[in-house]
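Single-structure report; data block below.
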Amino acid sequence: MPGEISAQDVQRYRGAWHNYVARRNLVVVLFVGLVPLGFLIARLRLSEILSMSVLAGWIAAYLAAAWWLTQWKCPRCGKAFANRLWTPRCISCGLSKDEAAAVARGK
Ligand SMILES: [Zn+2]
């Protein structure tokens, strides 16, 4: 619980939370960006091979980012937080993302 957390823990939570937000934002940007990328490729009238290569590269980057997000470690127990995207609680210790964010914000 936030009341029992030391200043050192707060630093660890803060670093972990910033790391999580960066990974999550990357996944969101790569996911949402696929649609404008599709329009851009259509507009540029690239060769079929080049178009497919760009799209495949983007999708590979999205999958890599999504995998990276699932590798995020829980700031409380240090184990993998989730084994899939958008898990609200740590699968090992039950810490919720809201609790982790609250500690990182110093509440
Ligand atoms: Zn945990």
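Read the figures in this text as sums done on the coordinates, not as results from a lab. Small disclaimer: the values here were computed from a predicted structure and weren't measured.
Listed values, structure above:
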item	result
Average projected area [Cα convex hull, the chain], square nanometres	7.4
Choice from LEU34, LEU85, LEU50 with maximal GNM fluctuation in the chain (Cα, 10 Å cutoff)	LEU50
Net lengthening on full extension, ALA61/ALA80 (0.36 nm per residue, minus Cα-Cα)	4.7 nm
Qualifying aspartates and glutamates (Cα of each under 18 Å from Cα of LYS73; at least 8 residues distant if same chain)	ASP9, ASP98, GLU99
